[in-house]
1. Please rank 221, 213, fewest neighbouring Cβ atoms within 10 Å first, as an exposure proxy.
2. Sorting 176, 229, 395 on the 10 Å Cβ count, fewest up front, what's the list?
3. Among rounded, prolate and oblate, which fits the range 109-149 when a ≥ b ≥ c are the square roots of the eigenvalues of its C-alpha gyration tensor, a/c under 1.5 means rounded, and a/b larger than b/c means prolate?
4. Which value at 222 nm does the chain reach when only helices count, each DSSP H run of 4 or more adding -39,500 (n - 2.57), with the total divided by all residues and rounded to the nearest 500 deg cm²/dmol?
5. May I ask you to sort 138, 41, 77, 6 by Cβ crowding, counting other Cβ atoms within 10 Å and putting the fewest first?
6. Using Cα-Cα distances under 8 Å and only pairs 6 or more residues apart, what relative contact order does the range 138-228 have, in percent?
7. Sequence gap at least 6, Cα distance under 8 Å: using those rules, report the relative contact order of the chain to the nearest whole percent.
8. Between residue 212 and residue 27, 0.36 nm times their residue separation minus their Cα-Cα distance comes to what?
Ligand code: ACO
């Protein structure tokens, strides 16, 4: 017998079914609540609202578990490449060798963008933040590929997904090259997906580029760790924009804008800026711990806390280990890594952080690695976006395949009534 919840309102009883997910999470299905009772639910920030059923990513914030399509994140970062994870998220299974080769080939066949996009890029000031530039260029892809908005067949959907996986890294690399004053380049189709991204970003015009295993392994790990995180702010944005049947490029562009904010993906940039500021201020971690706890001070310990994780973010554990490995392999001693470790150690022993269940999140150590790889600070969130593309695509595809209705929340009006 299905469990039900009974609501008593105005002397009448109403029953709503409890639905259960495959990991035993439970939810009250309330679609008919307003029609039957006249009531809506009010939940600012959607702290307690499920917006869809999804079979892509499972996370348990209390236990610190993260799985993509059932595979633990720890397994994926150790055993497969970012492109394999992209395939897993979007097409539901890890690819066979042949499926992976076909995906790579299809992507490279689409790895060009219209040269006119360079004109759009050139018209931005050099100091423009790369995330804003990237959101604009991604949105502009619709203008250059207008047939991609109609995805009524599976073939059309596959085509637009491949176009995005192929063209987005070019645009991301170009935003970096513009900041660095480097000529804009294209893919080297002899390289693996992630090595090619590194090549497009870092290759100097007067030198050959050969992939570096430390860089390649670190980038694969970082991109996998960022690849999906169920219904976060940017992913929900992609789903909701896509639910109006705006095309994939427009939906992803909106996701990029959502990711940009410092409370979301922009936190990786904010963490490095915070760590540098602490270093320049004499390296006194304790002083900044006090500021973070002071309710009259707007300062927050960036890279700490998470809406869903009330335990260690499993991605932060992997990233911390990777940061140690990368810095050791590259022979870099960066004082900000030791400041980060001091902050973490103090926070984990401090009742303010312990009581509020505030732990390091994915962004706390990622910037230290990006910095070691010589990626400029303003590109950190672009790196996050590169990683998140497969997740956004998987959610957009799932939303379209499920034929979800247009996303349209309600509100409780609190304005003037009659004037
Ligand atoms: N430093 C100090 N105090 C904090 C922090 C922090 N980083 N994070 C939360 N708190 C405190 C809040 O002040 C609040 O205290 P109170 O109960 O005394 O008022 C309590 O902890 C709960 O915080 P909320 O802001 O209500 O939690 P919410 O779930 O809304 O926010 C968020 C989560 C936005 C991630 C928040 O923890 C934060 O701002 N962290 C810093 C920014 C950051 O690292 N963002 C990246 C998130 S991961 C990602 O998007 C990839």
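Nothing in this text is a laboratory measurement; each read-out follows from the coordinates by a stated rule. Small disclaimer: the values here were computed from a predicted structure and weren't measured. Every residue, glycine as well, gets a Cβ built from its backbone with ideal geometry; the counts of neighbours run over all protein chains shown.
1. Values: 221 24, 213 9.
Least crowded to most crowded, the residues run 213, 221.
2. 176, 229, 395
3. Prolate.
4. -16500 deg cm²/dmol
5. By the 10 Å Cβ count, ascending: 6, 41, 77, 138.
6. Values: 51 pairs, mean separation 16.3, N = 91.
Computed value for the range 138-228: 18 percent relative contact order.
7. Working: 544 pairs, mean separation 83.0, N = 419.
In percent, rounded to a whole number, it is 20.
8. Values: separation 185, 0.36 × 185 = 66.60 nm, distance 4.72 nm.
Between residue 212 and residue 27, full extension yields 61.9 nm more.
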